[in-house]
Amino acid sequence: MKPTTPAENARPASPLRRNISPASTRRLGEAGEASRLGRRAPKPARQGIRAAGSRGNKEIRPPAARQLVRPSHPGGPDGQVGVHPGHPPAPHNPDTLRWIALGGLEEIGRNMMLLEYRDEILAIDAGLLFAAGEETPGVDYIIPNTTYLEERKKNIKALIITHAHYDHIGAIPHVMDKIGNPLIYTTELSKEIIMKRQGDYPTSAKPRFNIVRPGETHQLGKYFAITLFDVVHNIPEGFGMIIRTPIGNIVHPGEFKFDYDHEGKPRGLDIWKRVGEEGIHTLMLDSTGAEVPGYSVSERVVETELEKVFRAAPGRILVGTFASLLDRLGEIVKIAEKIGRHVAVTGRSMSTNLQIAQNLHYFKFEKGTIIPLEEIGKYRDEKLLILCTGAQGEPKGALMRIATGEHRQLKVRTTDTIVLSSSAIPGNERSIQNLKDGLARQGAMVYHNKMLDIHSSGHAPQEELKEVMRLVKPRFFLPIHGYYFMRWRNARHAEEALGMKPEHTLLADNGIVVEFGKDFARVTNEEVPSSYVMVDGLGVGDVGEVVLRDRKTLAEEGMLVIIVTLTKRDGRILKNPDIISRGFIYLKDNHELLDELRAKIRGILSRIPRHQSVDAEYAKTLIRDQIGQFIFTKTKRRPMILPVLIEI
């Protein structure tokens with residue numbers, strides 16, 4: 001049967017449908033509200049670590065990796081659900097649409113997915129996940145595993161970037177070369193932020209862009225077209241899209257929330273209603289807020305509360321928030337102008353993003369409002385407001401450096417008012433508590449979002465998710481972005497709001513293939529590589545499971561270095577073995593254990609035959625194994641043992 005194209009499959013009269021020639025795109029009538037910015041969260045590795053770079057592309061599995069068991073949930077008409085990795089994939093019908101998440105479904109961050117029909121692929125987003133210190137020590141961040149795309153890079157028609165948060169753009173410098181540097185479809189602001197970050201990676205492929213705007217429709221290859229629409233997030237120019245495919249219309253909403261006027265009425269719902277009038281096969285929805293009851297706090301309320309706090313501040317005001325919350329940053333600067341304060345910025349990423357937004361005329365501040373941080377000494381405290389990065393307690397963030405006294409220009413004063421206009425990302429609670437403690441101990445007045453309505457998440461909570469479901473009226477529902485429980489809750493919302501059958505809600509993890517036909521959707525038993533790819537300094541993918549295991553051992557158990565000097569001829573010990581401990585025991589308080597260790601080492605080496613020269617590697621293995629067992633018997637701890645043999 002001849003496959004239908006998006007043009008053949010579409011209905012002719014539609015308020016969102018446009019001429020799908022790239023040369024003849026048109027703006028949508030009332031486009032809705034400007035949009036806004038997101039976040040990340042740590043996650044332990046669930047499977048092997050992909051090693052790349054100098055070691056080649058391969059997947060390293062830990063020696064005792066547990067099987068990935070998918071929670072039982074109906075996946076389609078045939079009841080298929082996800083399965084254990086390693087099961088052979090069932091042959092797929094070339095007339096089905098395939099959907100795969102390469103990241104973002106078992107974490108908050110590392111967002112990347114693809115749609116595939118026959119020989120064409122659309123990739124959506126390419127984000128990073130900031131590493132969890134305990135699980136990935138020393139790793140800067142984690143990016144998607146793009147092996148599947150690398151093997152099919154000639155089929156990639158576009159990379160679509162929905163908005164400019166790092167959990168959606170952060171992997172671009174690392175993956176574009178590998179996937180063939182496809183054309184990026186995104187907005188002007190996203191392009192500028194991507195290109196600014198690209199400056200840190202001069203050897204990576206230079207991205208190519210096609211600038212798009214909400215309301216336009218673009219044909220991408222034979223089988224795909226996208227119609228863009230405005231969504232409200234916490235960074236300007238975010239968008240959702242109707243993806244027009246041979247099997248029907250798929251909606252990807254980007255990340256969004258509702259915005260409200262001063263009377264508390266939601267704005268821009270007509271956009272979602274018009275999307276629903278298109279006849280939607282499958283709706284994807286962000287699940288980050290699926291556990292949060294009720295509705296979003298209006299940004300109007302946040303602005304009012306911030307102004308109250310600012311007006312009451314007796315001295316300097318320090319505001320900590322995400323560098324990418326551009327809409328919030330713009331409103332804070334306007335409030336500062338209103339109450340007669342000058343604004344300085346500490347934090348490179350925040351300063352860069354504000355400058356980009358000003359260059360694109362999103363913000364127009366009065367001359368002299370923004371001042372260099374180095375000039376704050378010229379102004380009285382009650383005339384200053386300082387924007388800071390590091391509200392999540394990051395060690396290198398500006399606020400944490402201020403709290404620990406390491407910031408060169410700023411020290412905490414008892415008259416300071418410090419406002420944390422952000423919410424805690426899962427996993428950062430302890431760091432944020434330490435930050436608040438450090439600031440409060442020095443006498444500052446500290447406010448956070450649990451005390452006042454001074455922050456609103458950029459992710460729709462439960463009632464807003466349900467309202468979008470009711471307006472769009474999809475046949476199938478695929479929750480995206482978030483841990484399994486978040487997505488499970490989102491699936492339950494679809495059953496409650498729409499009366500949708502459980503088998504019409506799809507729960508798949510990273511790497512699991514979901515197939516769509518005109519009248520069905522199912523989770524298959526096929527899995528593609530989706531393991532973590534680590535970025536550590538300049539290395540991408542060269543931190544594997546062995547390196548991580550060693551780092552964890554050093555952090556949790558410490559290290560013992562044993563230095564033995566031997567004669568090369570017969571292996572006779574020339575001096576008492578030297579022992580160095582780091583993170584294991586304090587040597588001066590453990591003389592008895594040290595004496596036992598030295599005696600054990602001499603006993604091990606004395607049993608090696610003297611009639612031949614000592615095999616150094618064999619001797620080191622004996623010391624490592626037997627001393628390791630001896631220490632465990634004595635202390636129930638397993639430090640890393642590093643034997644050093646000096647032969648004379």
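The values are calculated or read from the model by the stated rules, or taken from the named source; none is laboratory data. These figures come from a predicted structure and were not determined experimentally. Glycine also receives a Cβ, built like all others from the backbone with ideal geometry; neighbour counts cover every protein chain displayed. Heads up: the accessible areas ignore ligands, DNA and RNA and are worked out on the full protein's heavy atoms, side chains in. Shrake-Rupley method; radii C 1.70, N 1.55, O 1.52, S 1.80 Å.
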TODO: Provide a single number: the residues in the range 505-526 that are basic (Lys, Arg) and part of a loop (DSSP other than H, G, I, E, B).
DONE: 1
Open item on the list: Return the residues of the range 136-192 that are touching a helix residue (DSSP H, G or I) at 6+ places or on another chain (Cβ under 8 Å), assigned to a strand (DSSP E or B) and surrounded by fewer than 24 Cβ atoms within 10 Å (Cβ to Cβ); say none if nothing qualifies.
Closed with: 156, 184
Open item on the list: Quick test of your reading of the structure: residue 218 fulfils all but one of (1) in contact with a Phe, Trp or Tyr (Cβ under 7 Å, 6 or more places away or on another chain); (2) modelled with pLDDT under 95. Name the failing condition by number.
Closed with: (2)
Open item on the list: Please go through the range 193-205 and give me each residue that is touching a residue at least 12 places away in the same chain (Cβ under 8 Å) and either over 13 Å from residue 159 (Cβ atoms) or open to solvent by 40 Å² or more (accessible area, probe 1.4 Å) (or both), ordered by number.
Closed with: 193, 195, 196, 197, 198, 200, 201, 204
Open item on the list: Taking the criterion of being assigned to a helix (DSSP H, G or I), over 21 Å from residue 198 (Cβ atoms) and in contact (Cβ under 8 Å) with a residue 12 or more places away in the chain, would at least one residue in the range 346-360 satisfy it?
Closed with: no
Task: Among (1) in contact (Cβ under 8 Å) with a residue 60 or more places away in the chain; (2) of a type outside the set (A, V, I, L, M); (3) buried (at least 20 other Cβ atoms within 10 Å of the Cβ) - the single one residue 341 does not satisfy - done: (1)
Open item on the list: Can you tell me which residue is nearest to residue 104 (Cα to Cα) among those in the range 490-503 that are part of a helix (DSSP H, G or I) and open to solvent by 60 Å² or more (accessible area, probe 1.4 Å)?
Closed with: 503
Open item on the list: Can you tell me which condition residue 485 does not meet? The list is (1) buried (at least 17 other Cβ atoms within 10 Å of the Cβ); (2) in contact (Cβ under 8 Å) with a residue 60 or more places away in the chain, and all the others hold.
Closed with: (1)
Task: Subset of the range 605-648 that is touching a strand residue (DSSP E or B) at 6+ places or on another chain (Cβ under 7 Å), open to solvent by less than 90 Å² (accessible area, probe 1.4 Å) and in a loop (DSSP other than H, G, I, E, B) - its residue that is nearest to residue 581 (Cα to Cα) - done: 639
Open item on the list: When you check residue 406 against the structure, is it under 21 Å from the mean Cα position of the chain (by Cα) and surrounded by fewer than 19 Cβ atoms within 10 Å (Cβ to Cβ), yes or no?
Closed with: no
- [ ] Provide a single number: the residues in the range 431-490 that are hydroxyl-bearing (Ser, Thr, Tyr) and over 25 Å from the mean Cα position of the chain (by Cα).
- [x] 1
Open item on the list: Being among the charged types (D, E, K, R) and either closer than 30 Å to residue 462 by Cβ or at pLDDT 90 or above (or both) is the requirement here; does residue 545 meet it?
Closed with: no
TODO: Taking the residues in the range 447-458 that are surrounded by fewer than 20 Cβ atoms within 10 Å (Cβ to Cβ) and of a type in the set (A, V, I, L, M, F, W, C) as candidates, determine which candidate is nearest to residue 383 (Cα to Cα).
DONE: 452
Open item on the list: I'd like to know if the range 415-438 contains one or more residues that are in contact with a strand residue (DSSP E or B) (Cβ under 9 Å, 6 or more places away or on another chain), β-branched (Val, Ile, Thr) and open to solvent by 40 Å² or more (accessible area, probe 1.4 Å).
Closed with: yes
Open item on the list: Could you list, ordered by first residue, the pairs with Cβ atoms under 7 Å in which the first is in the range 574-596 and more than 18 Å from residue 620 (Cα to Cα) and the second is in a loop (DSSP other than H, G, I, E, B) and open to solvent by less than 70 Å² (accessible area, probe 1.4 Å), at least 6 apart or interchain?
Closed with: 582/558; 583/558; 584/558; 584/639; 593/585
TODO: Tell me, please, whether a residue that is touching a residue at least 24 places away in the same chain (Cβ under 8 Å), assigned to a helix (DSSP H, G or I), charged (D, E, K, R) and within 26 Å of residue 214 (Cβ to Cβ) can be found in the range 302-315.
DONE: yes
TODO: Could you tell me whether any residue of the range 216-231 is open to solvent by less than 30 Å² (accessible area, probe 1.4 Å) and either farther than 25 Å from residue 120 by Cα or free of Cβ contacts under 8 Å to residues at least 12 places away in the same chain (or both)?
DONE: yes
TODO: Identify the residue in the range 258-284 that is in contact with a helix residue (DSSP H, G or I) (Cβ under 6 Å, 6 or more places away or on another chain) and part of a strand (DSSP E or B) and, among all such residues, is nearest to residue 469 (Cα to Cα).
DONE: 283
Task: Conditions (1) surrounded by fewer than 24 Cβ atoms within 10 Å (Cβ to Cβ); (2) under 24 Å from the mean Cα position of the chain (by Cα); (3) within 29 Å of residue 173 (Cα to Cα): number failed by residue 252 - done: (1)
Open item on the list: Of all residues being in contact (Cβ under 8 Å) with a residue 60 or more places away in the chain and assigned to a helix (DSSP H, G or I) in the range 322-338, which is most open to solvent (accessible area, probe 1.4 Å)? Just the residue, please.
Closed with: 327
Task: Flag for residue 291 being in contact (Cβ under 8 Å) with a residue 24 or more places away in the chain and part of a helix (DSSP H, G or I) - done: no
